[in-house]
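FYI, it's all coordinate maths here, none of it is from the lab. Small disclaimer: the values here were computed from a predicted structure and weren't measured. For neighbour counting, all protein chains shown are included, and Cβ atoms are generated from backbone atoms with ideal geometry for every residue, glycine included.
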Ligand SMILES: *[C@@H]1O[C@H](CO)[C@@H](O)[C@H](O)[C@H]1NC(C)=O
């Protein structure tokens with residue numbers, strides 16, 4: 001092999017390795033569980049459509065890449081808690097906040113800002129035995145048989161214990177009327193929940209937070 005061929009071959013191998021890394025879903029181990037991390041780029045935009053939004057905002061498309069399938073399989077709410085969820089607290093109150101208030105969350109990584117379409121929440125600092133920074137909770141409103149997986153990433157100055165301030169997208173799924181106008185919804189159940197199998201950064205932010 002000439003020196004040139006060697007260099008060309010090396011460059012080709014390096015390039016193809018680079019592309020396969022970029023294309024692959026990132027897989028991380030969290031608490032002994034394999035989590036597939038991807039970024040849908042849109043999060044959960046259903047809230048804009050009002051009360052009649054569909055269960056899945058993406059249709060399942062057979063024959064697509066893993067990445068597409070991962071996006072397609074994300075459900076933005078479920079009708080009941082997951083089998084691995086552990087009941088935590090009753091009588092939880094939820095409200096919503098938006099836009100600039102979402103920016104630079106207290107437990108963020110310094111670069112990420114949640115959006116209206118994220119599934120994150122804020123709680124009071126003084127909530128003894130409340131959710132910690134970065135933890136996942138499942139909130140369920142039994143009146144409408146809906147549960148939403150939410151990551152707690154921010155602090156809520158105006159919140160007392162048993163109160164979770166949510167994004168519009170998470171709130172609207174849980175509101176009894178399905179409307180943001182509801183403002184406050186009460187009597188939800190909160191569960192301790194594992195990290196999702198499919199982690200959409202647009203919904204939950206980066207895996208690694210500042211802490
Ligand atoms: C987020 O929600 C707020 C409050 O309803 C709204 O004013 C703002 O335009 C929304 N942002 C986006 C990007 O849709």
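Label separation (residue 132 vs residue 45): 3.7 nm, computed from points 7 Å beyond Cα along the C-beta direction. Between residue 100 and residue 26, full extension at 0.36 nm per residue minus the direct alpha carbon distance yields a gain of 23.7 nm.
Between residue 179 and residue 75, the C-beta separation translates, for a Förster distance of 22 Å, into a calculated FRET efficiency of about 0.55. Rounded to the nearest 0.05, the FRET efficiency derived from the C-beta distance between residue 86 and residue 3 at R0 = 45 Å is 0.10.
Can you give the % of DSSP beta bridges in segment 66-172 that are antiparallel, to the nearest 5?
Numbers: 9 of 17 bridges.
Here the share of antiparallel DSSP bridges comes out near 55 percent.
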